[in-house]
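> The structure's right below; bear with me while I get my questions together.
We did not get these values from a lab; they are worked out from the coordinates using the rules stated. As the structure is a computational prediction, the values presented were derived from the model and not from experiment. Because the Cβ atoms are built from the backbone with ideal geometry, glycine has one as well, and the counts that use them run over all protein chains shown.
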Amino acid sequence: DTGVSQDPRHKITKRGQNVTFRCDPISEHNRLYWYRQTLGQGPEFLTYFQNEAQLEKSRLLSDRFSAERPKGSFSTLEIQRTEQGDSAMYLCASSLSGDGYTFGSGTRLTVV
Amino acid sequence: KQEVTQIPAALSVPEGENLVLNCSFTDSAIYNLQWFRQDPGKGLTSLLLIQSSQREQTSGRLNASLDKSSGRSTLYIAASQPGDSATYLCAGPKAAGNKLTFGGGTRVLVKP
């Protein structure tokens, strides 16, 4: 297994555009998490899934954000009508019922 | 609500010194605690995972302790090297598989 994969690594978009990120977790992991990290801060929780069910969403996840995990495998995070404040590193992690968390390399979003 | 604090926020030491990084959390009902390393612009790499039934975990030059009753964990790095320069983050879920709550991290610089 190659670990948690995130795509793309970098994304530059114009304000108002929609963007979608993908995360492929470790195949046997049933839980998948999304975090957002801004410069100099620790990661902030956005949402997580157990299999295909979305179990929790942070208040940070405004209605412009949506996450899915169809069939309990990969996950997508979509941001609609991007704003400059959305510029951040978006991190994905997976775990097997909480027995340690493995993170991907992240997707760096820049909104210009 | 779990809050995690890491002290100091930044640390600069000459090569060869031992490092002591502190992590405190407000809710002692923590399932396990994990230490991560993050290089600039990269994702998180897991260093050590301490289960709630354990008091410490060791890997090479790294040793981490966990005291749930006092809400503290400490990461020791022996004989620091310039390659240890990075940001170190601690986090733990309240229950198995739940979201991680992160501290702000400790930024470490080891000078040759």
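> If the elastic network links every pair of Cα atoms under 10 Å, which of A:Ala93, A:Ala67, A:Ala53 fluctuates the most in the Gaussian network model of chain A?
Of A:Ala93, A:Ala67, A:Ala53, the most mobile in the Gaussian network model is A:Ala53.
> When the chain is fully extended, how far beyond the present Cα-Cα distance does A:Ser5 get from A:Ser97, taking 0.36 nm per residue of separation? Present the calculation step by step, with values, prior to reporting the outcome.
Numbers: separation 92, 0.36 × 92 = 33.12 nm, distance 1.89 nm.
Value of the extension gain: 31.2 nm.
> Here's something else I'd like to know. Using the Kirkwood radius over C-alpha pairs as Rh, can you work out the diffusion coefficient of chain B via Stokes-Einstein at 25 °C, viscosity 0.890 mPa s, in µm² per second? Intermediate values should be presented prior to the final figure.
Values: Rh = 14.0 Å.
My calculation gives 176 µm²/s for D.
> Viscosity 0.890 mPa s, temperature 25 °C: Stokes-Einstein D of chain A from its Kirkwood Cα radius, in µm² per second? Display every interim value, and only then the final one.
On the way: Rh = 13.9 Å.
The calculation lands on 177 µm²/s.
> What's the extension gain from B:Ala95 to B:Ser46 if we count 0.36 nm per residue and subtract their Cα-Cα distance?
Numbers: separation 49, 0.36 × 49 = 17.64 nm, distance 1.87 nm.
Here the answer is 15.8 nm.
> Then there's this: Under the 0.36 nm per residue contour assumption, what length would be gained going from the current alpha-carbon distance of A:Gln84 and A:Glu28 to full extension? Mind dumping the intermediate values first?
Details: separation 56, 0.36 × 56 = 20.16 nm, distance 3.59 nm.
Net length gain for the segment: 16.6 nm.
> Based on other C-beta atoms within 10 Å, arrange A:Lys14, B:Lys42 from fewest to most.
Working: A:Lys14 8, B:Lys42 14.
Going from least to most buried by this count: A:Lys14, B:Lys42.
> Counting only the backbone N, which residues of the stretch B:4-41 are under 12 Å from the spot 7 Å out from the Cα of A:Gln50 toward its beta-carbon?
none
> So what are the ³J(HN,Hα) numbers for the stretch A:4-20, from phi and the Karplus equation (6.51, -1.76, 1.60; θ = phi - 60°), rounded to whole Hz, Gly and Pro as x?
8, 10, 10, 9, x, 7, 9, 9, 10, 9, 7, 3, x, 7, 9, 9, 9
> Quickly work out the A:Thr110-to-A:Ser62 label distance, labels modelled 7 Å from Cα along the C-beta direction, and quote it in nm with one decimal.
2.2 nm
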